[in-house]
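Participant: Take a look at the following structure, please.
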Amino acid sequence: GKSMVINSLLQYPLMPTCNLTTTCTVVKLIYGEKVRIIATDDDTKKRVFDLDCTKVTSTQFDKLKEYAILAMRTLVVENLQYFTDVDIMQEANKMTVDDISDMDSKDPKQVALLLLVLLSVYVGQNDIEMTEDKQKLMQKRKAYMKYFGIPENTYNLSVTVQWDNEFLKKGFSITDL
């Protein structure tokens, strides 16, 4: 429920939500006039990703949507419901990229939401019993992260989101675990 509370404060469904464990990284939200996502490798303390969400290409956006749909098969990411008419609770396994075709690559908030699905959603990374489907998804996740320039040997990330919001503008920062 922490992510749902954060989404209420932001008045936008940014943080991925689910009825199971959803977040696998520390996500810190701070004020910024432009929506930006920054990822740091917790092991090396080096910045491994930094993207102004207004500068994403349509190809990058399509990759993010593809990954979000793949992740839906393992963990129903509830906040994607805002961008589709499909009942994701019933049809998550049948969803395709076409079901979220109304998402707009020019909307930095939507870009950020999809980036958080890739960077912070728990899809079984530490499961003791790794199913074949989860293994395939983990390989896909690694490939998508590599596509976005994140080094292959990066396992533990912290994510900072710069977000234009009055609550954050007043000097607050929010951390989701």
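The values are calculated or read from the model by the stated rules, or taken from the named source; none is laboratory data. Model, not experiment: these values are computed from the prediction. Here the Cβ positions follow ideal geometry from the backbone for every residue, glycine too, while neighbour counts run over all protein chains shown. SASA here: full protein model, heavy atoms, side chains in, ligands and nucleic acids out. Shrake-Rupley method; radii C 1.70, N 1.55, O 1.52, S 1.80 Å.
Participant: Output the residue which, of all residues in segment 112-133 that are touching a Lys or Arg at 6+ places or on another chain (Cβ under 9 Å) and part of a helix (DSSP H, G or I), is farthest from TRP163 (Cα to Cα).
Facilitator: Ranking the qualifying residues of segment 112-133, first place goes to ASP133.
Participant: Okay, next question. Determine which single condition VAL159 fails, assuming it passes every other condition in (1) modelled with pLDDT of 95 or more; (2) over 13 Å from LEU51 (Cβ atoms); (3) not in a helix (DSSP H, G or I).
Facilitator: (2) is the only condition that VAL159 fails.
Participant: Would you mind finding the one in THR40, THR54, THR59 that is farther than 26 Å from GLU91 by Cα, β-branched (Val, Ile, Thr) and without any contact (Cβ under 8 Å) to a residue 60 or more places away in the chain?
Facilitator: THR54
Participant: Let me ask something else about it. Pick out the one residue from LEU14, LEU29, LEU20 that is over 24 Å from PRO151 (Cβ atoms), of a type outside the set (S, T, N, Q) and exposed (fewer than 12 other Cβ atoms within 10 Å of the Cβ).
Facilitator: LEU20
Participant: From the list LYS140, LYS136, LYS146, which residue is part of a helix (DSSP H, G or I), closer than 22 Å to LEU51 by Cβ and free of Cβ contacts under 8 Å to residues at least 40 places away in the same chain?
Facilitator: LYS146
Participant: How many of the residues in segment 50-67 are touching a Pro at 6+ places or on another chain (Cβ under 9 Å) and either buried (at least 16 other Cβ atoms within 10 Å of the Cβ) or closer than 20 Å to GLY1 by Cα (or both)?
Facilitator: Of the residues in segment 50-67, 2 are touching a Pro at 6+ places or on another chain (Cβ under 9 Å) and either buried (at least 16 other Cβ atoms within 10 Å of the Cβ) or closer than 20 Å to GLY1 by Cα (or both).
Participant: Considering (1) open to solvent by less than 60 Å² (accessible area, probe 1.4 Å); (2) touching a Lys or Arg at 6+ places or on another chain (Cβ under 9 Å), say which one LEU168 fails and leave the rest.
Facilitator: (2)
Participant: Determine whether LEU177 is surrounded by 12 or more Cβ atoms within 10 Å (Cβ to Cβ), touching a residue at least 40 places away in the same chain (Cβ under 8 Å) and either touching a helix residue (DSSP H, G or I) at 6+ places or on another chain (Cβ under 8 Å) or polar (S, T, N, Q) (or both).
Facilitator: Criteria not met by LEU177.
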